[in-house]
Amino acid sequence: GISSMAKKKKRAMREDAKEEGEDEEYMEFELEPPSEPEEDVPEKKRTRKAKREEAEDEGEEEYVELDLSTLTEPQIQQEQEKPKNTRRKVTPDELEPGAVVVYGDGFRGVVHDAFEAIDNFWLADEETNELIKDEQGEIVAFTSEELQLVAPPPKLEQASGGKPDVGVLVLGTSTQMVQVLEHFGEPDPVKRTEPQELLAIPCNLCDPKTLLRNARDGINPTTSKLAQEQRPDLHVALRVFHLKEAIKKCSSMVSLEKYFCLAGVAIPFSEAEIEECDNKDEKRWRKTVANQIDVGVTAYGRKESEVSEFLETAQQALGQSCGMCLSDKLWDKLVQTKIRESLGIPDLPLFFSDAAGVRIYVVVIPEDARVANDDGIINCSERPGASYLPAKSAQEVDPSVAKQNENVAKTAAEKEPDEETQPKGKTVAEWEKEQNKFADQPKLPPGWLRISSKSTGQIYYFNKDTQETTFDAPLPEGWVQQVSKSTGKTYYFNVSTQKSTFTRPS
């Protein structure tokens, strides 16, 4: 057949070459002899190199020598029918560290770090071995579609697990985010936690094009330092892939002016944490995927069993990771739908699946929600009678409870800080009307009132939403009070501008 004919043809051509006195052995698929052989390079290798460079110049696949004698007739026909000037698409699992690739306008690079689970790859220049960066000095993350494989390394076993099952993305106002950040505190400078820290990013600044820069400005230096210490064998940098993908799925959130996106920051696992993991897939996930500073959604979690509910797992993840607990009504689909409609973002999804197949729930905390620190947990609950709540029938309404709630709201402003009894005085509505008496004072954050003590005349402050009273003036909107773990000194941080100061803002 074809195999025997090819062998006879090769033997005949070798004998012809010997008879003509040629020193060089016959080379199969030699299109034309080289004009000037390169010094110290065997003729056969030089010819292959010339063919490879010629193919690259013409945009074709790399030259590969084929032995027709080893191919079947269908395989030969398949080779002959291959389209010219095209390259085979590469899959993410082929782009392991060390793989040689072509990117951009024919530039060659080597895969330095591979994050195949999220289809992101960092390249190093083939000659200088320096990471490819953009004009702003940020590492360029390539996708598999942007790369052409030249020389793949041995293929690794593909991991089937290790990633979380569910995530939660929380959106809230600046006042709500301040309370959450104050409760969460500063990131631990010596121990890895999940998340390592929380970022409150204004929704209108969540443009995917500028997200990396905005997130980088908010990362605590101690987080970056610990991240590099966790993986000294790698160049650890910041990635916003997970949050960026979430924003793309929730593009309408960028139109929210007064809302913030609560993002969680994760750092790499240490070598010890990787080795102590018994599950093969989990170990590979920790080593090859979760090995950078990743900005993602608020919290992630894993189902305790196959029968566990996704929503239940999401609620547990938010509590365990961030110390937050949302009321059942705020998790309700109908309530969340009405909240979205009231904010003009009806197309914001209730949940979605990210690039890794993780189900992400999107929860919007209404502006009038009650947010309070109860026994070390930030509890968020709906305001009674809010427009986004389902209407109750007459049989469901308890007149005594309704009257009690009304009395609490009316008399809460009458109670001075640290006062055990409830003196008689003005109601919240009456004090709201008298706020013009303090027009010369600095503006208070939303929900706060200035109240004059009936007994002493001293000014104190009352929060209509949380029922809190204090003699200390509340910080301006967007500011958070923090205490340095290293020095014990109090400082102030602005979640909008990502700036900090030791001087109390007014």
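Numerical summary
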| read-out | value |
| --- | --- |
| Distance (nanometres) between label positions extended 7 Å along Cα→Cβ at residue 213 and residue 190 | 3.8 |
| Where labels lie 7 Å past Cα in the beta-carbon direction, separation of residue 138 and residue 183 in nm | 3.1 |
| Loop-resident sites, segment 240-349, for GluC sites (Glu not before Pro), counting at most 11 other Cβ within 10 Å (DSSP) | 257, 276, 304, 306, 309 |
| Length gained when the stretch residue 372-residue 355 is fully extended (0.36 nm per residue, less Cα-Cα span) | 2.7 nm |
| Cross-link pairs beyond the 31 Å C-alpha cut-off, checked among 89/248; 163/225; 89/283; 133/248; 338/454; 258/287 | 338/454; 258/287 |
| Which of 303, 191 is most accessible, then next, and so on - probe 1.4 Å | 191, 303 |
| Local electrostatic count, residue 362, Cβ distance below 12 Å [Lys/Arg +1, Asp/Glu -1] | +2 |
| Antiparallel bridge percentage (DSSP; both residues within segment 241-398; nearest 5) | 80 |
| Accessible area of segment 98-247 divided out per residue, in Å², using a probe of 1.4 angstrom | 45 |
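The values are calculated or read from the model by the stated rules, or taken from the named source; none is laboratory data. Remember, it's a predicted structure, so these values are computed and weren't measured experimentally. Using ideal geometry, Cβ is built from the backbone for each residue, glycine included, and neighbour counts are taken over all protein chains shown. Only protein heavy atoms, including side chains, enter the accessible area calculation; ligands, DNA and RNA are left aside. Shrake-Rupley method; radii C 1.70, N 1.55, O 1.52, S 1.80 Å.
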